[in-house]
Ligand SMILES: *Cc1c(COP(=O)(O)O)cnc(C)c1O
């Protein structure tokens, strides 16, 4: 198994130049005073498609050989990855098939179809989406692009951290939101060349701490689908590539509770006028709660996404 490295992140940045948004980096005196650190928030909620997933999706499709691009790609996901693949494929003129749960929110199904993606529905309680994705890939000769365990996806996700280092210089700590580990692993690779010595942490939901346990036990721990409002991090296990990269290069993985996520979301809404989805608040919540030592340090925090239904967002902030 050959792992991607810093040069793959740099290559991804070249592919994404002028395509992905160079998202803003914001600061907050209130947050700095509360934590005793200098915090730099990388606002991927403002990325195309509303999350960093666009980076990995576009990079993976753009990196395919021409013949494979003509035939098309297939992806399975209920959330941001599916929309990112459909969006990136439409920009590149590549046919995309997306395997989505039949009970996915109507808005997400409509958005995916709106980008021109062919949607194949499955039953999330009885069907195995990975198996369906693999079968479609095989039958139709499509390239399967998984949500995190893929070299070019990981390298693409790493470009968010690379931009952050380019903008604010080397950091002591960088914290990413963690589901399957693509964003955090990509951040490790970005730091390798751009900010050596930076401690890269992943933050995952308290209800689904498979990542933390995997690093502690030295093997990929599998769990049931965790019950958490962080729907983008309801992953059941790390991938082979992401685990290997995190094991070598991550400082650690910590957790945040749903209540801490809501508290962080409220902070971004009230103080910074930013809509951050529950999963997108994982890294910030872990810093605010003190789970990661940051006092006196320069700290990057990736706000990974902002895709949340407005009614649900309002209900969460009201504590409903
Ligand atoms: C997918 C996603 C994550 C988790 O990313 P991984 O690469 O699976 O670790 C975090 N935040 C948001 C907003 C996401 O969509």
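The table below gives the values:
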{"quantity": "Residue 191 vs. criteria crowded, with 24+ Cβ neighbours inside 10 Å, within 10 Å of the ligand (Cβ to nearest atom) and in a helix (DSSP H, G or I)", "calculated": "no"}
{"quantity": "Residue 275 being in contact (Cβ under 8 Å) with a residue 24 or more places away in the chain, in contact with a helix residue (DSSP H, G or I) (Cβ under 9 Å, 6 or more places away or on another chain) and surrounded by 24 or more Cβ atoms within 10 Å (Cβ to Cβ)", "calculated": "no"}
{"quantity": "Test: residue in region 79-99 that is over 21 Å from residue 307 (Cβ atoms) and in a helix (DSSP H, G or I)", "calculated": "yes"}
{"quantity": "Helices (runs of 4 or more DSSP H) completely within region 19-78 that count 1 or more residues being within 16 Å of the ligand (Cβ to nearest atom)", "calculated": "53-62"}
{"quantity": "Any chance residue 319 is out of contact with any helix residue (DSSP H, G or I) (no Cβ under 9 Å at 6 or more places or on another chain) and in a loop (DSSP other than H, G, I, E, B)", "calculated": "no"}
{"quantity": "Any chance residue 72 is more than 21 Å from residue 190 (Cα to Cα), modelled with pLDDT of 95 or more and surrounded by fewer than 24 Cβ atoms within 10 Å (Cβ to Cβ)", "calculated": "yes"}
{"quantity": "Residues of region 145-181 classified as more than 16 Å from the ligand (Cβ to nearest atom) and in contact with a helix residue (DSSP H, G or I) (Cβ under 6 Å, 6 or more places away or on another chain), total", "calculated": "1"}
{"quantity": "Residues located in region 222-241, provided they are within 9 Å of the ligand (Cβ to nearest atom) and within 14 Å of residue 79 (Cβ to Cβ)", "calculated": "230, 231, 232, 233, 235"}
{"quantity": "Yes/no for residue 228 being part of a loop (DSSP other than H, G, I, E, B), under 19 Å from residue 81 (Cα atoms) and touching a helix residue (DSSP H, G or I) at 6+ places or on another chain (Cβ under 6 Å)", "calculated": "yes"}
{"quantity": "Conditions (1) in a loop (DSSP other than H, G, I, E, B); (2) touching a strand residue (DSSP E or B) at 6+ places or on another chain (Cβ under 8 Å); (3) surrounded by fewer than 24 Cβ atoms within 10 Å (Cβ to Cβ); number of the one not met by residue 163", "calculated": "(1)"}
{"quantity": "Test for residue 297: is it over 19 Å from the mean Cα position of the chain (by Cα), surrounded by fewer than 18 Cβ atoms within 10 Å (Cβ to Cβ), more than 11 Å from the ligand (Cβ to nearest atom) and within 16 Å of residue 173 (Cβ to Cβ)", "calculated": "yes"}
{"quantity": "Count of residues meeting criterion [loosely packed, with under 13 Cβ neighbours inside 10 Å and either within 16 Å of the ligand (Cβ to nearest atom) or over 12 Å from residue 76 (Cα atoms) (or both)] in region 125-140", "calculated": "6"}
{"quantity": "Matching residues, region 194-208, being farther than 20 Å from residue 260 by Cα and not in a loop (DSSP other than H, G, I, E, B)", "calculated": "194, 199, 200"}
{"quantity": "Qualifying residues in region 79-112 (those that are out of contact with any strand residue (DSSP E or B) (no Cβ under 8 Å at 6 or more places or on another chain) and away from the ligand (no atom under 16 Å from the Cβ)) - the one farthest from residue 160 (Cα to Cα)", "calculated": "103"}
{"quantity": "Check on residue 211, part of a strand (DSSP E or B) and within 19 Å of the chain's Cα centre (by Cα)", "calculated": "no"}
{"quantity": "Selected residue (criterion: surrounded by the most Cβ atoms within 10 Å (Cβ to Cβ)) from residues of region 242-272 that are within 21 Å of residue 191 (Cα to Cα) and away from the ligand (no atom under 12 Å from the Cβ)", "calculated": "254"}
{"quantity": "Residue list for region 278-292, restricted to those being surrounded by 24 or more Cβ atoms within 10 Å (Cβ to Cβ) and over 16 Å from residue 208 (Cα atoms)", "calculated": "284, 287"}
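The values are calculated or read from the model by the stated rules, or taken from the named source; none is laboratory data. Please read these numbers as outputs of a predicted model, since none were measured by experiment. Backbone-built Cβ (ideal geometry, glycine too); neighbour counts: all protein chains shown.
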